[in-house]
């Protein structure tokens, strides 16, 4: 049946169905649609399922089946779901039964930190085009997490939407209520509104995630959602105004006994978001607060061939950025992301829009970065100049997560520019996925003296079933390919990597604690035109999944890599794993030993190397959490003598009084730079956009004093910088 006729038939079936109780209705294509109650009176979202709308029978759902780490397994924990709606919001109630309710795991934490707990949630394809979903999660204490899931970029944890949730423990397990206001999501309003929905539940101690409808590995994610048809939903007014004020006060030590004068920097700004239609929004910000509340964890930056990637943490850039992603980016690809907004260092203003019209999805971003013209020692022709960033993206839905798309980016700085235009596609059919990207770039240096151009792109194929996974990707980027918005590992490269995995599932009765065992092979071959050599890399290994969210992986790798006109051998053995050993104790770790390259352009060599990383998290109660991680990287010469050893220590202590108010302390140490960082923060976050932060940080460095100046790396550790940070903002929604 053609899609338009099937949709009309579905609407007719649901229009004729009774709405006295939440029910499932057969669809013309043999599936099942959710027909929710129209609530006469909205429920109070308090976690107590005593409202009139919840007194009817739950959805008669078939048994939920697992999708991670094992596909298609049943569990003893049953879940009852009720759904209702009115002109203002969608309401969902979960009644979660557990034969051992005292083993349910729940902690108080900040938003998006609940994934080691038990949780329930939903995935809502609000537009109904099978390209994007709002994925919402709630733990038994009502703590929230939300993910934007897109066909282009997969899961993105960055966005935070305004919705309500509450949870409470019961003698049978726990209950959760959710309220999703229509004005905070994009959907096509009207008399018959077609969406799609999926429910899921995680049982922490089993390490098992289940869903309804089921999520078989050989079927695209968006194709699994059940239709959800609502009636008579008018377009809601969607206007949000967020004024903000930030104050920072910093001091730097000028001698062993004195600090320089404190520098205060007050800033006020405002952001506005408006729903120009029910499926499209526009957002602008003037004199924005782009401060970063959560500091970056230290990473090993010694002897890195490629730049170290740091995730975006500034709210304006975080929300909705997955819509700008290109097919094939991320994972093991050379292009980590097509739009890496951390390259916009110090923006003076920003604006963006995103939405859809029928099958067409679109997004645009503009921002001005003042950093290039203020950098120390900047060239005269750059002094005081801002860099302009422009990004446009569009895609046409082919259904079930498939699409064809286009992208255009432009950066302008002084007399230079970088312009990139391209197209991509992603096609999902059953267990098969194909994607491709083609990009063309034209650039001119900032002084206007040099013009370059280049081509780049990739083709990708994946086949995934419960037993077998096969993935292969081929990429090419010309030597002069340049994309200022992207995080690109290297250019002048043609490469292919391929991966094959076989999954085995031990007998549940004999080996119930082992969920999956998967041997795998990875191979990579590349021609590096800049380093003038061929790269060959192979890896064989085995990974396994256990109860208590346990995992273990062991692999062996070998190959050769070109660098500085030579080809060097590489090999290593690596083991990694983790588990939630007890309700209050979890760990993750990795050890790697082998031979690595020292990436020096004058004196490169291969020597014995060692790397280990361990993180332990202790949560003795619902409110308190302590994590400690230690990362060590070391390289020696064959003839003896250490080239470097880097130790990184990251400690994070949090106490969450409730879902809104918490305290956090961070201590970080980097032996390569001989510095300590302390960072203390009190945060109050009732809803996204309305926040109050007070923080204090200090930097300790090893410095000596010769009477007139500092001697880096000598003497004692001193507080060299300290600062106070205050931020308040208020989100007014109309």
Given the C-alpha centroids of the range 719-734 and the range 610-655, what is the distance between them in whole angstrom?
29 Å
The FRET efficiency for residue 624 and residue 671, from their Cβ-Cβ distance with R0 = 35 Å and rounded to 0.05, is 0.75
Could the peptides 175-186, 430-441 be put in order, highest first, of the mean number of other beta-carbon atoms found within 10 Å of their residues?
175-186, 430-441
Can you put 652, 509 in order, fewest other beta carbons within 10 Å first?
509, 652
Could you give the distance between the Cα centres of the range 452-488 and the range 145-181, to the whole Å?
32 Å
Taking the Cα centroid of the range 308-378 and of the range 520-557, what is the distance between the two, rounded to the nearest whole Å?
29 Å
To the nearest 0.05, what FRET efficiency results for residue 542 and residue 614 with a Förster distance of 25 Å applied to their C-beta separation?
0.75
Residues in the range 138-181 that a label on residue 360 would reach, taking backbone N under 17 Å of a point 7 Å out along Cα→Cβ:
none
Working from Cα positions, state the angle (0 to 90°, nearest 10) between the long axis of helix 3-16 and the longest principal axis of the chain.
50 degrees
Answer rounded, prolate or oblate for the range 616-727, using the Cα gyration tensor with square roots of eigenvalues a ≥ b ≥ c: rounded when a/c is under 1.5, else prolate when a/b is larger than b/c, else oblate.
oblate
Sticking with the crude label model, points 7 Å out along Cα→Cβ, report the distance from residue 509 to residue 263 in nm, one decimal please.
7.2 nm
Can you work out the PRE-style zone for residue 660? Point 7 Å along Cα to Cβ, and I want the residues of the range 40-63 with backbone N under 17 Å.
45-47
Semi-axes of the equivalent ellipsoid for the chain, please: Cα gyration tensor eigenvalues, times 5, square-rooted, ordered largest first, whole Å.
42, 31, 30
For the range 3-233, state the semi-axes of the equivalent ellipsoid (square roots of 5 times the eigenvalues of the alpha-carbon gyration tensor), sorted largest first and rounded to whole angstrom.
26, 20, 18
Packing-based ranking, highest mean first, of 416-428, 719-731, 600-612 given that Cβ atoms within 10 Å are counted:
416-428, 719-731, 600-612
Give me the distance in nm between label points sitting 7 Å out from Cα along the Cα-to-Cβ direction at residue 711 and residue 582, one decimal.
4.9 nm
Please give the length that would be gained between residue 349 and residue 575 if that part of the chain were fully extended, namely 0.36 nm times their separation in residues minus their C-alpha to C-alpha distance (nm, one decimal).
76.8 nm
Among 265, 670, which comes first, second and so on when ranked by fewest other beta-carbon atoms within 10 Å?
265, 670
Sticking with the crude label model, points 7 Å out along Cα→Cβ, report the distance from residue 558 to residue 161 in nm, one decimal please.
5.1 nm
As a percent rounded to 5, the proportion of antiparallel DSSP bridges among beta bridges in the range 3-233 is 95 percent
Förster radius 30 Å - calculated FRET efficiency between residue 466 and residue 311, Cβ distance, rounded to 0.05:
0.40
With a 10 Å Cβ neighbour count serving as the proxy for reagent exposure, in which order, fewest first, do 206, 398, 585 appear?
585, 398, 206
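FYI, it's all coordinate maths here, none of it is from the lab. Everything numeric in this text was worked out from a predicted model, so none of it was measured. Note: ideal-geometry Cβ built from the backbone for every residue, glycine included; neighbour counts use all protein chains shown.
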